[in-house]
C-alpha cells in the first residue's frame, strides 16, 4: 500500500481505471491556496 | 484536508482499497462547471461511469471522510437497486463511525433499503425511532418523522 494517496488527474484515465478495477471514484475539487 | 485528513494512514488505506482518487482544481473547466463547484473542498462519489451519487462540502476529519465515502458507496448501490450491498456499507457506518454526520443519514437509508427489500413499513418506523432516540436534532429525524405513523 502507498503511504500517501496517489491522485489521478485526468477524467478519461480515471474512468478507465475505475471500470477496470470495478471501483467507484472519489472526486475532490480543491483550492491549493 | 491536506494537513490533517489525507495524510491519515487509515484514510490512505481506505481510499487505496475502495476508490479511485481523482483530484481537480476548483476552477478547472469543464469539470468545475459540469459539477457546479462553488466552494471547496467539494468531495463527490462517482460510480465507475462518472455519474454522481453523493457529495459533501467543507472540511472533513478522517473518520468523517471515511464515513462520507461509505455513504457514497452505499448510494451507488442503492441507486442501482442493490440494496443488500448498500446495507453492508450503511452498517459499517453505524458500527464504526456512529459519531459522524453520516450516521443519521445512514440510519434513514438503512430503513429505506430494508423497506425496499421487504416491503415491510415497520423498517421505516424503526428507522424513525432510532433517529428520534439517537439523533433527535438531525435533519434525518425530521425527514423520517412521518414514518412514526406507520
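Computed from the coordinates by the stated procedures, all read-outs in this text should not be read as laboratory data. Not measured: the values here are computed from a predicted model. With ideal geometry, Cβ positions are generated from the backbone for all residues, glycine too; neighbour counts draw on all protein chains shown.
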Quickly rank B:135-146, B:66-77, B:90-101 as a protection proxy: mean count of other C-beta atoms within 10 Å, highest first. B:66-77, B:90-101, B:135-146
Just checking the output field for B:27-40: average partner chain Cβ neighbours within 10 Å of each residue's Cβ? 2
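Starting from the Cα gyration tensor of the range B:9-149, take the square roots of the eigenvalues, sort them a ≥ b ≥ c, and report rounded, prolate or oblate (rounded when a/c is under 1.5, otherwise prolate if a/b is larger than b/c, else oblate). Each step should come with its number before you reach the end.
On the way: a/c = 1.81, a/b = 1.74, b/c = 1.04.
Taking the square roots of the gyration eigenvalues as a ≥ b ≥ c, the range B:9-149 is prolate.
How high is the FRET efficiency between residue B:139 and residue B:116 when r is their beta carbon distance and R₀ equals 22 Å, given to the nearest 0.05?
Values: r = 21 Å, r/R0 = 0.96.
So the FRET efficiency works out to roughly 0.55.
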If I model the protein assembly as shown as equal point scatterers sitting on the Cα atoms and use the Debye formula, what is log10 I(q)/I(0) at q = 0.16, 0.20 Å⁻¹? -0.98, -1.35
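Do you know the relative contact order of the range B:9-149, to the nearest whole percent, from alpha carbon pairs under 8 angstrom that are 6+ apart? Intermediate values should be presented prior to the final figure.
Numbers: 163 pairs, mean separation 19.6, N = 141.
RCO, the range B:9-149: 14 percent.
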Packing-wise, with mean Cβ within 10 Å as the measure, how do B:6-17, B:54-65, B:26-37 rank, highest first? B:54-65, B:6-17, B:26-37
Shielding of B:44-56 by partner chains, average beta-carbon count, 10 Å: 4
Within 10 Å of each Cβ of B:10-22, how many other protein chain Cβ atoms are there on average? 6
The extension gain from residue B:34 to residue B:13, computed as 0.36 nm times the residue separation minus the Cα-Cα distance, is 4.6 nm
Please report the spacing between the Cα centers of the range B:79-150 and the range B:10-42 in Å, no decimals. 27
Can you bin the range B:66-150 into rounded, prolate or oblate? Criterion: square roots of the alpha carbon gyration tensor eigenvalues sorted a ≥ b ≥ c, rounded for a/c under 1.5, prolate for a/b above b/c, oblate for the rest. oblate
Can you put B:148, B:23, B:110, B:122 in order of Cβ neighbours within 10 angstrom, beginning with the fewest? B:148, B:122, B:23, B:110
Residue-normalised 222 nm signal for chain B, counting each DSSP H run of n ≥ 4 as -39,500 (n - 2.57), nearest 500 deg cm²/dmol, is -16500 deg cm²/dmol
